[in-house]
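Engineer: Have a look at this one before I ask anything.
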Amino acid sequence: MTRQSGRPILPRTLLASALLAALNSAYAQTPDTTTARADDNTPAKVVVLGSRSTAKTALDTVAPVGLINVKDMQTAGPLELGKLLQTLDPSFNFSTTFISDGTDIIRPATLRGLGPDQLLVLVNGKRRHQQALVNVQQTIGRGSAGTDINAIPMSAIHHIEVLRDGAAAQYGSDAIAGVINIVLKSQTKETQLSGSVGTTSEGDGDLVSGSANTGFTIANNGYVNLSVEGRRRDETNRAGPDTLRVSPPRVTQRIGDSLAKDAYLWMNAAVPLDVDKDNEFYAFGGVSKRTGDSAGFFRSKGDGRNVPAVYPNGFLPNIITTVKDASFAFGYRRNFGDDWNFDVSVNHGRSELGFHERNSINVSYWYEPKPGGGIYAESPLSADTGKLKFDQTTFNADLRGPVDIGGRILSVATGFEYRRDNYQIEAGDPVSYQYGRTNNPAIRIIDQTGGIAASGAQGFPGYTPGTEVDEGRHNIALYLDVEHNLAEKLLVTGALRYEKYSDFGNTTTGKLGMRWDPSRQFGLRGSISTGFRAPSVQQKFYSSVSTNLNSAGVLTETLTAREGSPVTRAFGISPLKEETSKSFSIGAVVRPMTNFSVTADLYRIDIDDRIVFSSNIAPESGACATAAACPIKAILDPLKVGQAQFFTNAIDTTTDGFDLVAEHTTRWTGSTLVLSGQLGFNKTEIKARRSQSPVLTGAQLFDDAQVTLIERGQPRQHHVVAADYTMGPWNLNTRASYFGAVQGQGFTAPFIQTWEAKWLVDASVRYSFSKRFTVAVGANNLFDTYPTEWDKTKAFPFPQLGFTHCWETCPIGINGRQMYARVDYAF
């Protein structure tokens, strides 16, 4: 397929490399081996992710693990977890979305250029449930249901560990790209208060946020830690004038962040049953509620989807989304003699997304013929359009300890897991989906243009009783992990995992790792593994009818057909099966001095039978002499929809990458300078497109626009270079982030729009009046950098409709400079 590249980035990449070599860098890595308890206010120094034996420093692990401390979170500007991770870890991407229905409030989070559902998220080492939303719009993560990373408040987090290695053999499905472990606070020494205000240089997007974290001691030196957090972010709008649909030209679209209101309540607790803490009950979890206020596509006054008597100047549908998330885990730990540990736990999580449409209309209701003559000329202008619900319950029993075999000590961990997943779709109000009041397609209802009137609410049509579902599945897993020092300086690890699913069978995966340290200053590490990802219940059971743009820029009804439905059977699409992967990494750790470290890791990930959301399958154009001459049309016409989509195992991909991480710390009397940086290179390519359908080719099933989104939708280069200087009560932090070029053609095919590579600079200044009272001011995107503008000729008609910058992929956002002030106080 044809590619259009942006401006050359190699000289800048070499410049960044040279700067790192000279200055050294790496957030999340430290040569200090001092451990820190999670209930201390001091930064964490060790990680537990990637190994079930003893905790290690981030520089001593077999696979690369990043560590984000509380100070990193305080000096970075973003207040939502997804943007914070993107700011601090270049392997993480959190693309900005808008005019994408529910994806506007639950944005896709990815690791190492793969999909949101190929990233496993843990909280306190326990599996976090996925989101109810399936990303079905033309965005990063299209067709996936990942983890709602923003459902976790930053005020509850002590530190974050990021495992950049395939780990399905250790942790189960979804860990193909890696694992993020979020460790909650357990401090009991103080109450921490934080408040922030902010705005953009355009004067919109005003932000107000406040949080409180406190803890108290209970029996036998146990603890309860509580966090409450609230935030309001006003909308931003970077739409240009609409010169195509209205006269005189004016802004008709809302293109930017939606209005969002977030509230959180989280807890983390443990109760020892003895003074030595050898027996302990623990519990953690939280609830959150977030509402979003976003927009759909403008309907002009002459559009058949408008009723001029109600909206004489056209209208912009308003989509209100409400996300409710809840999780609760509890368990029991016991330490036996000879360093053996037992842990049994139950973890339940639930995600719910409700849709409500405002400033809308059901055109078929309005124009429906009235008995006795005339039309009803009535329609509600708002309606509930349905709910998506996902819940997951996981039971774990884990045992670990040393085993002596002929004088050789092996660290062994084994365990059992049972998991139950369930997915629900609830229909919306009848007006949100019906064709007229009787929902009878035999009745001809004519709109203002003389065509057949559109059914359902405009903007986001409601889920119908036909798309309602309440289905689930369960699986069991057994695993075995082993670590052994073959020699004093040679550590070998192995993992084996067996899983059996109730809906598609069983799978076995394995992993081998090695760490060789010939000296304290130099070490080599590497791993090789097989992995898998089970098709999610969201992908198996989701179905809907929605309004999308087709390739001609015309709004068209699109059917998303679930597995085993009449349309997927008619197209010959088989039931979903698991994705399988093979990955390897090799790297080096260099510590030439105690205050300087460098790590470099190469990796490759091969994924077969990757589950994707198909392209919009549209009927053949032109005259059709027979049904055989137009097989797609013959399938879709009886369904009375213009396009169809479905989930299928359709592609094989290869991802190659390289991470370079370094850090240098200089200390003088009363001051410290940390020069840090990370270089991330990543490239995903589709090796094969396949179709199970006798009607569709691989290129029809997964067209070039979707190939571009997978291969070029996420930056192939993401680098972070930073300097953090502390002198007495003052702290200055500056961070420069490089985002490589991205491309898309989802709405402009065959033209490929390139959004060029950009540098973004963040800066903050903090002053501590005391150890308990700090004030900070800062700016994200200090130099007000924006993505490349749309090509006004080749990208027609989008620039003419008011689209100014990126859309289907937008790693740096379109808000420009964001300024903030923050106050932290503890007592």
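Engineer: Could you give the length gained on full extension between Asn359 and Thr654, defined as 0.36 nm per residue of separation minus the Cα-Cα distance, in nm? Walk me through the numbers before you get to the answer.
Structural biologist: Details: separation 295, 0.36 × 295 = 106.20 nm, distance 4.48 nm.
The Asn359-Thr654 span can extend by a further 101.7 nm.
Engineer: For the cross-link pairs Lys126/Lys389; Lys758/Lys792; Lys71/Lys511; Lys126/Lys189; Lys45/Lys489, which exceed 28 Å when the distance is taken from alpha carbon to alpha carbon? Let's see the in-between values first.
Structural biologist: On the way: Lys126/Lys389 21 Å; Lys758/Lys792 20 Å; Lys71/Lys511 34 Å; Lys126/Lys189 26 Å; Lys45/Lys489 22 Å.
With Cα atoms farther than 28 Å apart: Lys71/Lys511.
Engineer: Could you please rank Val661, Val224, Val208, Val136, placing first whichever residue has the fewest other Cβ atoms within 10 Å of its Cβ? Working shown, then result.
Structural biologist: Details: Val661 32, Val224 17, Val208 14, Val136 23.
Result, fewest neighbours first: Val208, Val224, Val136, Val661.
Engineer: Report the normalised scattering of region 361-454 as log10 I(q)/I(0) at q = 0.12 Å⁻¹, calculated by the Debye formula with identical scatterers on the alpha carbons.
Structural biologist: Evaluating at q = 0.12 Å⁻¹ gives log10 I(q)/I(0) of -0.60.
Engineer: Continuing with this model, one more query. Describe numerically, in nm with one decimal, the distance between label points set 7 Å from Cα along Cα→Cβ at Asp206 and at Trp759.
Structural biologist: Result: 3.5 nm between the two label points.
Engineer: Based on the Cβ-Cβ distance from Gln700 to Leu524, what FRET efficiency comes out when R0 is 56 Å, to the nearest 0.05?
Structural biologist: Details: r = 47 Å, r/R0 = 0.83.
My answer for the efficiency is 0.75.
Engineer: How do Ile218, Ile182 line up, fewest other C-beta atoms within 10 Å first? Show your work: numbers first, answer last.
Structural biologist: Values: Ile218 14, Ile182 22.
In increasing order of surrounding Cβ atoms, one gets Ile218, Ile182.
Engineer: Pull out the extension gain between Phe416 and Ala688, defined as 0.36 nm times the separation in residues minus the alpha carbon to alpha carbon distance; nm, one decimal. Please report the intermediate quantities before stating the final value.
Structural biologist: Details: separation 272, 0.36 × 272 = 97.92 nm, distance 3.60 nm.
Roughly 94.3 nm would be gained on extension.
Engineer: Something else about it: Please work out the FRET efficiency for the pair Phe395 and Asp791, using the Cβ-Cβ distance as r and a Förster radius of 60 Å; give the result to the nearest 0.05. Write out the running numbers ahead of the final one.
Structural biologist: Working: r = 54 Å, r/R0 = 0.90.
FRET efficiency, Phe395 to Asp791: 0.65.
Engineer: How much net charge surrounds Lys540 when only the other residues with a Cβ under 9 Å from the Cβ of Lys540 are counted, with Lys and Arg +1 and Asp and Glu -1?
Structural biologist: Values: positive: Arg473, Arg562; negative: Glu471, Asp503, Glu563.
Residues close to Lys540 contribute a combined charge of -1.
Engineer: Using the Cβ atoms and a cut-off under 12 Å, what net charge is assigned to the surroundings of Leu675, where Lys and Arg are +1 and Asp and Glu are -1? Let's see the in-between values first.
Structural biologist: Details: positive: Arg735; negative: Glu663, Asp724.
Surrounding charge for Leu675 is -1.
Engineer: Let me ask something else about it. Using the 10 angstrom Cβ neighbour count as an exposure proxy, how do Arg231, Arg667 rank, fewest first?
Structural biologist: Arg667, Arg231
Engineer: Here is a follow-up. What is region 72-128 by shape, rounded, prolate or oblate, if you read a ≥ b ≥ c off the alpha carbon gyration tensor as root eigenvalues and call it rounded for a/c under 1.5, prolate for a/b larger than b/c, and oblate otherwise?
Structural biologist: On the way: a/c = 1.55, a/b = 1.10, b/c = 1.40.
Oblate, since a/c reaches 1.5 and b/c is not below a/b.
Engineer: Output ³J(HN,Hα) for region 653-662: one whole-Hz value per residue in order, computed from phi by the Karplus curve 6.51 cos²θ - 1.76 cosθ + 1.60 with θ = phi - 60°, and x for Gly and Pro.
Structural biologist: Residue by residue, region 653-662 yields 10, 10, 10, 10, x, 8, 10, 10, 10, 8 Hz.
Engineer: Rounded to the nearest 500 deg cm²/dmol, what is the calculated helix-only ellipticity per residue at 222 nm for the chain, with -39500 (n - 2.57) per DSSP H run of length n ≥ 4? List each step's numbers first, then the result.
Structural biologist: Details: 11 runs with 71 residues, N = 827.
Calculated mean residue ellipticity at 222 nm is -2000 deg cm²/dmol.
Engineer: Which net charge results when you count Lys and Arg as +1 and Asp and Glu as -1 among the other residues whose beta-carbon is under 15 Å from that of Ser300?
Structural biologist: Working: positive: Arg245, Arg250, Arg299, Lys301, Arg305; negative: Asp242, Asp303, Asp447.
Surrounding charge for Ser300 is +2.
Engineer: At what distance in nm do the modelled label points of Phe281 and Phe330 sit from each other, each positioned 7 Å from its Cα along Cα→Cβ?
Structural biologist: If labels sit at Phe281 and Phe330, their model points lie 0.7 nm apart.
Read-outs: derived from the displayed coordinates by stated rules, not from any lab. Just so we're clear, the structure is a prediction, and the values are computed from it rather than from any experiment. All Cβ positions, glycine included, derive from the backbone under ideal geometry; neighbour counts span all protein chains shown.
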